[in-house]
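Below: the structure, in structure tokens.
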Amino acid sequence: AKRKGRNRFEYYNSKLDEHSDRVFSLLQKLRPAILNNKLEVYFQPLIDLHSDTICSMEALVRWPQEDGAMIFPDQFIPVAESSGLINKLGAFVLEEACRFCAHQHSIGNDKLTVAVNLSFSQFRDNSLPGIVESVLKKTGLAANFLELELTESILADEQGNISTQLEQLKKLGVQFAIDDFGTGYSNLNYLRSFNAGKLKIDKIFITTLGIDEKHEMLVSAIINMAKSLDMKVVAEGVEGDAAKTKLIELGCDIGQGYLWSKPIPESQFNELLKVERQA
Ligand code: C2E
Ligand code: CA
Ligand code: CA
Ligand code: CA
């Protein structure tokens, strides 16, 4: 038994080594990729379910590799967060997103808003409000067209100085959405007092909607709660017509998911908007 225990220890140890080797090599590649502008920002449309038109887009970062492969954010965002690179990465995404949205406004798509994800660790050094302010100024995007996506853990932070920064951001006039709702530590009191404009229901509750009844009551309750707090509701992860139909029936305002489009590069997003304007 002793021997077995030791083997297991060695097994864990080598797994840990493998993990930290992978993180280390990602980090070594990520730093120059960010500095040399090798990351790309893709955009995924959000659809107003009342009018069936594109009302917004979410900026989602991508890391294309020399060999044509793509590294997705779930793999490198945590590495960026733990290394301090997240501030540079975040500023890059923010600027690309605001620039693209301002461009859309200049060609007549002047109702379109853009959503940018924020990490907890971007609040660490208090620089975020200043960065947002200068990016808005630089790109010329009016503040109310920028929507910052926050998770509940950011709202729940009480030790740090996140709430001060959130107040500063609110004063700039940017909008807020609560992301991944239903998966985190939900505190309805924070939710009510923070007063975000949008609530995004996590995709784990949405993808099977209309096919199996498992999450229907929950989704319905979240939608009603959000409405009573005067928030618009976004359903993420809408993959089929069944989910869309059910969401409309339940009174959801906005949908996002593969049913309409995956996250796509700017040029393809332009095509999407062009097709919609011709229709
Ligand atoms: P998220 O903010 O929840 O973004 C939505 C994710 O769901 C995206 O994954 C998107 O591609 C995916 N998705 C959209 N529609 C569907 C669908 O119909 N079905 C399914 N199964 N998935 C769908 P992605 O782009 O891989 O991003 C993963 C996560 O990485 C994001 O989750 C977000 O937390 C983080 N992330 C992405 N870009 C950034 C960024 O610029 N900054 C920060 N801090 N985090 C980012
Ligand atoms: Ca998001
Ligand atoms: Ca989400
Ligand atoms: Ca997320």
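The values are calculated or read from the model by the stated rules, or taken from the named source; none is laboratory data. All values reported here derive from a predicted model rather than from experimental measurement. Quick reminder, even Gly has a Cβ in these numbers, built from the backbone with ideal geometry, and neighbours come from all protein chains shown. Calculation scope for accessible area: heavy atoms of the full protein, side chains included, ligands and nucleic acids excluded. Shrake-Rupley method; radii C 1.70, N 1.55, O 1.52, S 1.80 Å.
In whole Hz and in residue order, list the ³J(HN,Hα) couplings for the range 84-100 that follow from phi through the Karplus curve 6.51 cos²θ - 1.76 cosθ + 1.60, θ = phi - 60°; x for Gly and Pro.
So the Karplus estimates, Gly and Pro as x, are x, 6, 4, 5, 5, 4, x, 5, 4, 4, 4, 5, 4, 5, 5, 4, 5 Hz.
Considering the chain as a Gaussian network with a 10 Å cut-off on Cα pairs, which listed residue, Ile222, Ile254, Ile178, attains the greatest mean-square fluctuation?
Ile222
Per residue, how much accessible area does the chain have with a 1.4 Å probe, in Å²?
53 Å²
Could you rank the peptides 211-217, 53-59 by their average count of other C-beta atoms within 10 Å per residue, with the highest value first? Mind dumping the intermediate values first?
Details: 211-217: 12.3, 53-59: 21.3.
The packing order, highest mean first, is 53-59, 211-217.
Mind jotting down the distance between the C-alpha centroids of the range 157-193 and the range 232-252, whole Å?
A separation of 24 Å, based on Cα centres.
Can you grab the distance from the C-alpha centre of the range 197-220 to the C-alpha centre of the range 14-91, Å, no decimals?
26 Å
Report the local net charge at Glu152: Lys and Arg +1, Asp and Glu -1, summed over other residues whose C-beta lies under 14 Å from its C-beta.
Working: positive: Arg192, Lys198, Lys200; negative: Glu149, Asp157, Glu158, Asp179, Asp180, Asp202.
Local net charge: -3.
Could you give each residue of the range 73-83 its phi-based ³J(HN,Hα) in whole Hz, using Karplus coefficients 6.51, -1.76, 1.60 with θ = phi - 60°, and x for Gly or Pro?
Karplus values, whole Hz, x for Gly and Pro: x, 4, 7, 10, 4, x, 5, 5, 5, 7, 10.
With an 8 Å cut-off on Cα pairs and a minimum separation of 6 or more residues, tell me the relative contact order of the range 75-172 in percent. Each step should come with its number before you reach the end.
Details: 88 pairs, mean separation 29.4, N = 98.
Once divided by the residue count of the range 75-172, the mean separation gives 30 percent.
Find, among the chymotrypsin sites (Phe, Trp or Tyr not before Pro) in the range 105-192, those assigned to loop by DSSP (not H, G, I, E, B) with at most 13 other beta-carbon atoms within 10 angstrom.
Working: sites: Phe120, Phe123, Phe145, Phe176, Phe181, Tyr185, Tyr190; in loops: Tyr185.
When the chymotrypsin sites (Phe, Trp or Tyr not before Pro) of the range 105-192 are filtered for loop state and at most 13 Cβ neighbours within 10 Å, Tyr185 remain.
Can you tally the net charge around Pro64? Count Lys and Arg as +1, Asp and Glu as -1, for every other residue whose Cβ sits under 10 Å from the Cβ of Pro64.
Values: positive: Lys38, Arg62; negative: Glu40, Glu66, Asp67.
That sum, taken over residues with Cβ under 10 Å, equals -1.
Explain nothing, just the number: dipole magnitude of the range 80-222 about its Cα centre with +1 on each Lys and Arg Cβ and -1 on each Asp and Glu Cβ, in debye rounded to the nearest 20.
Details: 13 positive and 18 negative charges, 99 e Å.
Using only the charged Cβ atoms, the result is roughly 480 debye.
Any chance you could run the full-extension gain for Thr53 through Asn144? It's 0.36 nm times the residue separation minus the Cα-Cα distance, nm to one decimal. Please list the in-between numbers first.
Details: separation 91, 0.36 × 91 = 32.76 nm, distance 1.95 nm.
So the chain would gain 30.8 nm between Thr53 and Asn144.
Whose amide H sits under 5 Å from the amide H of Thr208, counting only residues 5 or more places off or on another chain, with H placed in the peptide plane?
Excluding prolines and chain starts, which carry no amide H, there are no hits.
Which order do peptides 87-97, 165-175 fall in by mean Cβ count within 10 Å, highest first?
Descending mean neighbour count gives 87-97, 165-175.
Over the range 172-239, calculate the relative contact order: mean separation of alpha carbon pairs under 8 Å at least 6 apart, over the residue count, as a percent. Working shown, then result.
On the way: 81 pairs, mean separation 25.1, N = 68.
Averaging sequence separation for qualifying contacts and normalising by length gives 37 percent for the range 172-239.
Mean residue ellipticity at 222 nm from the helices of the chain, using -39,500 (n - 2.57) per DSSP H segment of n ≥ 4 over the full residue count, to the nearest 500 deg cm²/dmol?
Values: 10 runs with 136 residues, N = 279.
Rounded to the nearest 500, it is -15500 deg cm²/dmol.
Would you work out which of His19, His103, Leu155 lies farthest towards the positive end of the dipole of the chain? Charges go on Cβ: Lys and Arg +1, Asp and Glu -1.
Working it through, the farthest residue towards the positive pole turns out to be His19.
Just going by the charge dipole of the chain, with Lys and Arg at +1 and Asp and Glu at -1 on Cβ, which of Phe205, Ser119, Val219 is farthest out on the positive end?
The residue sitting most towards the positive pole is Ser119.
So how strong a dipole does the range 197-248 carry about its Cα centre when Lys and Arg Cβ are +1 and Asp and Glu Cβ are -1, to the nearest 20 debye?
The calculation lands at about 220 debye.
Probe radius 1.4 Å, ligands and nucleic acids ignored: give me the carbon and sulfur share of the accessible area of the range 151-279 as a rounded percent. If you can, show how the numbers build up before the last one.
Working: 3360 of 6720 Å².
For the range 151-279, the apolar C and S fraction of the accessible surface comes to 50 percent.
Pick from Leu148, Leu27, Leu199: which is most flexible by mean-square fluctuation in a GNM of the chain where alpha carbon atoms under 10 Å apart are linked?
Among Leu148, Leu27, Leu199, the largest mean-square fluctuation in the Gaussian network model of the chain belongs to Leu27.
If you place +1 on the Cβ of every Lys and Arg and -1 on the Cβ of every Asp and Glu, how big does the dipole about the Cα centre of the chain come out, in debye to the nearest 20?
Values: 31 positive and 38 negative charges, 156 e Å.
Dipole of the chain, to the nearest 20 debye: 760 debye.
For the range 155-168, in order, what is each residue's ³J(HN,Hα) by Karplus, 6.51 cos²θ - 1.76 cosθ + 1.60 with θ = phi - 60°, in whole Hz (x at glycine and Pro)?
5, 7, 5, 10, 6, x, 10, 5, 5, 4, 5, 5, 5, 4
For the chain, build the convex hull from the C-alpha positions and give me its volume per residue in Å³.
On the way: hull volume 49.3 nm³, N = 279.
Expressed per residue, the convex hull around the Cα atoms of the chain is 177 Å³.
Between Ile71, Leu85, Ser51, whose Cα lies farthest towards the positive end of the dipole of the range 48-108 when Lys and Arg beta carbons carry +1 and Asp and Glu beta carbons carry -1, centred on the Cα centre?
Of the options given, the answer is Leu85.
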